[in-house]
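S.K.: First, the structure itself, so that you have it in front of you.
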Amino acid sequence: MSTPDPPFTAEHEELRESVAGFIDRELAPHSQQWEEDQWFPNDVFPKMAAQGLLGLKYPEEYGGQGGDYLHEAVLCEEMARAGSGGTAAGIGAHINIATPPIWKFGTDEQKQRYLVPSIAGEIVGALGITEPGAGSDVAAISTRAERVDGGFLVNGEKTYITNGVRADFIVTACKTTADGGHHGISFLIVDRGEGVTSAKLQKLGWHASDTATIAYEDVFVPEENLLGPLHEGFKLIMANFQWERLAMALGAVGGMKLAWERTAEFARTREAFGRPLAGHQTIRHKLADMATSVHVCRCVTYDALRRFLAGEDPLKEVTMAKLATQRASFDLMDDCLQIHGGAGYMREYWVERAARDARLGPIGGGSDEIMREILGRVLGL
Ligand SMILES: Cc1cc2nc3c(=O)[nH]c(=O)nc-3n(C[C@H](O)[C@H](O)[C@H](O)COP(=O)(O)OP(=O)(O)OC[C@H]3O[C@@H](n4cnc5c(N)ncnc54)[C@H](O)[C@@H]3O)c2cc1C
């Protein structure tokens, strides 16, 4: 067992070993097939649930493991071992963005109906915020929820939604006033059913995940599926951003560490001009720079994680961690690919997929430009 790096403890390292073992056995061997299928099977959810991995941070009364965000952080880092950004994204959307608002803002009845079966891997969730006309500018969403007898009637379109085809329920941001915006957005838990249609999108990476456009056409949503207070949905969005971004930073850190180790091993064994690649100074120096980048990203992320766990509101540190890690991860994967030469460009090598998958980081969960805008405000610029 590796020595724990604070804030992780020996208990977390034990969990890490068992999570890594599960992923190596149950997910990693299928990553190439799932990539080609452009789909990972739904039974991954109950398999993960059987190991307790869909409810690490959730209370035992809902079927969770009674752990906290630090246990979840272990899973976020180790998911890179699956070798499939798409699979990690589908699981991540379920546990890191779709179910947390239900846990934090849901009524007990909503938790029984959605959180309990989600933790058990019986149903799959998605978070629907982004629309064709509104991504970074979340307040500009136009999907409408109009009051009708007994609930709401929803009309509109969401896009780029992870788990958008397979999700049984979509935690959906809607305009509930004529103007919408910061004081006119509400969240509804929309069940897949009449009026909800999905269309899968083709994309550069994350092939195993079903990123989709979801259309809502006169979808009736009962009153009891309003999540959190009416018109205060913006608070729900903000409430989970810190964890979502930390989860992405942790995912990048886990992926970078693994990619570096594999690439260093390749450079030690692959020979060119009569010696291992690592015997050439430029390659050796490149690997040293890459190891430094992994360490820097890890330190920035763990610092933000520590503050988050201590109950601070570490907007600056989490934003910096998201910004620092996502582009660095893509750059590192590109360097790994380069060191693999022609092999790196081939589908049969992990690195080709890792490089494509990493490109999403600077875009999703708040783009690099939006991170800089937040930092501009926090830093008083
Ligand atoms: C694979 C994938 C999975 C996703 N999963 C989900 C999901 O599950 N749920 C969900 O709701 N969304 C999801 N998204 C959407 C994602 O969060 C958005 O793509 C992202 O927020 C950017 O929004 P946008 O694509 O509309 O780009 P835009 O907001 O149109 O931005 C376009 C470009 O302009 C830049 N830009 C925008 N505003 C500014 C500014 N003020 N200053 C400087 N530059 C700016 C952006 O950084 C970007 O580079 C996913 C996206 C992808 C690609």
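The values are calculated or read from the model by the stated rules, or taken from the named source; none is laboratory data. Remember, it's a predicted structure, so these values are computed and weren't measured experimentally. All Cβ positions, even for glycine, are placed from backbone atoms using ideal geometry, and neighbour counts span all protein chains on display. Protein only, heavy atoms only, side chains kept; ligands, DNA and RNA dropped before computing areas. Shrake-Rupley method; radii C 1.70, N 1.55, O 1.52, S 1.80 Å.
S.K.: Just to verify a result, which residue in the stretch 161-180, among those that are within 8 Å of the ligand (Cβ to nearest atom) and touching a residue at least 60 places away in the same chain (Cβ under 8 Å), is nearest to the chain's Cα centre (by Cα)?
M.R.: From the stretch 161-180, those within 8 Å of the ligand (Cβ to nearest atom) are 161-164, 173; that's our starting set.
When the remaining residues are screened for being touching a residue at least 60 places away in the same chain (Cβ under 8 Å), the result is 162-163, 173.
On the way: Thr162: 9, Asn163: 11, Ala173: 18 Å.
Restricting to residues being within 8 Å of the ligand (Cβ to nearest atom) and touching a residue at least 60 places away in the same chain (Cβ under 8 Å), the top hit is Thr162.
S.K.: What number goes with the only condition from (1) at pLDDT 95 or above; (2) part of a helix (DSSP H, G or I); (3) within 16 Å of the ligand (Cβ to nearest atom); (4) surrounded by fewer than 22 Cβ atoms within 10 Å (Cβ to Cβ) that Ala139 does not pass?
M.R.: Of everything listed in (1) at pLDDT 95 or above; (2) part of a helix (DSSP H, G or I); (3) within 16 Å of the ligand (Cβ to nearest atom); (4) surrounded by fewer than 22 Cβ atoms within 10 Å (Cβ to Cβ), Ala139 misses just condition (1).
S.K.: Additional query: Can you give me the number of residues within the stretch 196-222 that are hydroxyl-bearing (Ser, Thr, Tyr), open to solvent by less than 10 Å² (accessible area, probe 1.4 Å) and within 12 Å of the ligand (Cβ to nearest atom)?
M.R.: The first filter runs over the stretch 196-222 and keeps only residues hydroxyl-bearing (Ser, Thr, Tyr), leaving 197-198, 209, 211, 213, 216.
Pick out the ones that are also open to solvent by less than 10 Å² (accessible area, probe 1.4 Å) and you get 209, 216.
The next check asks that each one be within 12 Å of the ligand (Cβ to nearest atom); those that pass are 209.
Looking only at that region, the number is 1.
S.K.: Could you count how many residues in the stretch 142-160 are under 23 Å from Glu224 (Cβ atoms) and within 9 Å of the ligand (Cβ to nearest atom)?
M.R.: Just the residues of the stretch 142-160 that are under 23 Å from Glu224 (Cβ atoms), to begin with: 143-156, 158.
From the residues that got through so far, the ones that are within 9 Å of the ligand (Cβ to nearest atom) too are 158.
The number of residues fulfilling the criteria is 1.
S.K.: Being at pLDDT 95 or above, over 30 Å from Trp103 (Cβ atoms), open to solvent by less than 20 Å² (accessible area, probe 1.4 Å) and more than 27 Å from the chain's Cα centre (by Cα): is that true of Ala267 here? Even if it seems obvious, please write down each step before you answer.
M.R.: Details: at pLDDT 95 or above: yes; over 30 Å from Trp103 (Cβ atoms): yes; open to solvent by less than 20 Å² (accessible area, probe 1.4 Å): yes; more than 27 Å from the chain's Cα centre (by Cα): yes.
Judged against the criteria, Ala267 is a match.
S.K.: Among the residues of the stretch 167-183, how many are farther than 20 Å from Lys111 by Cα and part of a loop (DSSP other than H, G, I, E, B)?
M.R.: Our first condition is that a residue be farther than 20 Å from Lys111 by Cα; within the stretch 167-183, this holds for 174-183.
Still in the running and part of a loop (DSSP other than H, G, I, E, B): 176-180.
Final tally of qualifying residues: 5.
One line per residue, one yes/no per condition, for (1) within 16 Å of Ala88 (Cα to Cα); (2) not in a loop (DSSP other than H, G, I, E, B):
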| site | (1), (2) |
| --- | --- |
| Ser18 | no, yes |
| Ile23 | yes, yes |
| Pro29 | yes, yes |
| Trp34 | yes, yes |
| Phe40 | yes, no |
| Phe45 | yes, yes |
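S.K.: Also: Yes or no: Glu157 among the acidic types (Asp, Glu), surrounded by 15 or more Cβ atoms within 10 Å (Cβ to Cβ), within 20 Å of Glu232 (Cβ to Cβ) and modelled with pLDDT of 95 or more? Even if it seems obvious, please write down each step before you answer.
M.R.: On the way: among the acidic types (Asp, Glu): yes; surrounded by 15 or more Cβ atoms within 10 Å (Cβ to Cβ): yes; within 20 Å of Glu232 (Cβ to Cβ): no; modelled with pLDDT of 95 or more: yes.
For Glu157, the condition - among the acidic types (Asp, Glu), surrounded by 15 or more Cβ atoms within 10 Å (Cβ to Cβ), within 20 Å of Glu232 (Cβ to Cβ) and modelled with pLDDT of 95 or more - is not met.
S.K.: Would you mind finding the one in Arg347, Arg359 that is open to solvent by 50 Å² or more (accessible area, probe 1.4 Å) and in contact with a Gly (Cβ under 9 Å, 6 or more places away or on another chain)? Walk me through how you get there before you give the answer.
M.R.: Working: Arg347 fails: in contact with a Gly (Cβ under 9 Å, 6 or more places away or on another chain).
Just a single option satisfies the conditions, and that option is Arg359.
S.K.: Could you please let me know if Pro59 is open to solvent by 30 Å² or more (accessible area, probe 1.4 Å) and modelled with pLDDT of 95 or more?
M.R.: On the way: open to solvent by 30 Å² or more (accessible area, probe 1.4 Å): yes; modelled with pLDDT of 95 or more: yes.
Judged against the criteria, Pro59 is a match.
S.K.: Spot the failing condition for Asn225; the list is (1) open to solvent by less than 10 Å² (accessible area, probe 1.4 Å); (2) in contact with a helix residue (DSSP H, G or I) (Cβ under 7 Å, 6 or more places away or on another chain); (3) away from the ligand (no atom under 15 Å from the Cβ), and only one is missed.
M.R.: Among (1) open to solvent by less than 10 Å² (accessible area, probe 1.4 Å); (2) in contact with a helix residue (DSSP H, G or I) (Cβ under 7 Å, 6 or more places away or on another chain); (3) away from the ligand (no atom under 15 Å from the Cβ), Asn225 violates only (2).
S.K.: Still on this structure, please answer the following. Which one is farthest from Arg245 (Cα to Cα) among residues in the stretch 94-123 that are hydrophobic (A, V, I, L, M, F, W, C) and within 12 Å of the ligand (Cβ to nearest atom)?
M.R.: We begin by selecting, within the stretch 94-123, every residue hydrophobic (A, V, I, L, M, F, W, C); these are 95, 97-98, 102-103, 105, 115-116, 119-120, 123.
Still in the list and also within 12 Å of the ligand (Cβ to nearest atom): 97-98.
Details: Ile97: 10, Ala98: 14 Å.
Restricting to residues being hydrophobic (A, V, I, L, M, F, W, C) and within 12 Å of the ligand (Cβ to nearest atom), the top hit is Ala98.
S.K.: While we're here: Given the criterion out of contact with any Ser or Thr (no Cβ under 8 Å at 6 or more places or on another chain), within 12 Å of the ligand (Cβ to nearest atom), at pLDDT 95 or above and over 22 Å from Tyr302 (Cβ atoms), identify the matching residue among Glu369, Glu373. Full working, then the answer.
M.R.: On the way: Glu369 fails: out of contact with any Ser or Thr (no Cβ under 8 Å at 6 or more places or on another chain).
Every option except Glu373 fails the conditions.
S.K.: Taking strands (runs of 3 or more DSSP E) that do not extend beyond the stretch 184-287, which have at least 2 residues that are touching a residue at least 60 places away in the same chain (Cβ under 8 Å)? Show your work before the answer.
M.R.: Details: elements: 185-191, 196-200, 212-222.
Because the criterion is at least 2 residues that are touching a residue at least 60 places away in the same chain (Cβ under 8 Å), the strands (runs of 3 or more DSSP E) in the stretch 184-287 that meet it are 185-191, 212-222.
S.K.: Of all the residues that make up the stretch 288-306, how many are buried (at least 20 other Cβ atoms within 10 Å of the Cβ) and not hydroxyl-bearing (Ser, Thr, Tyr)?
M.R.: Result for the stretch 288-306: 7.
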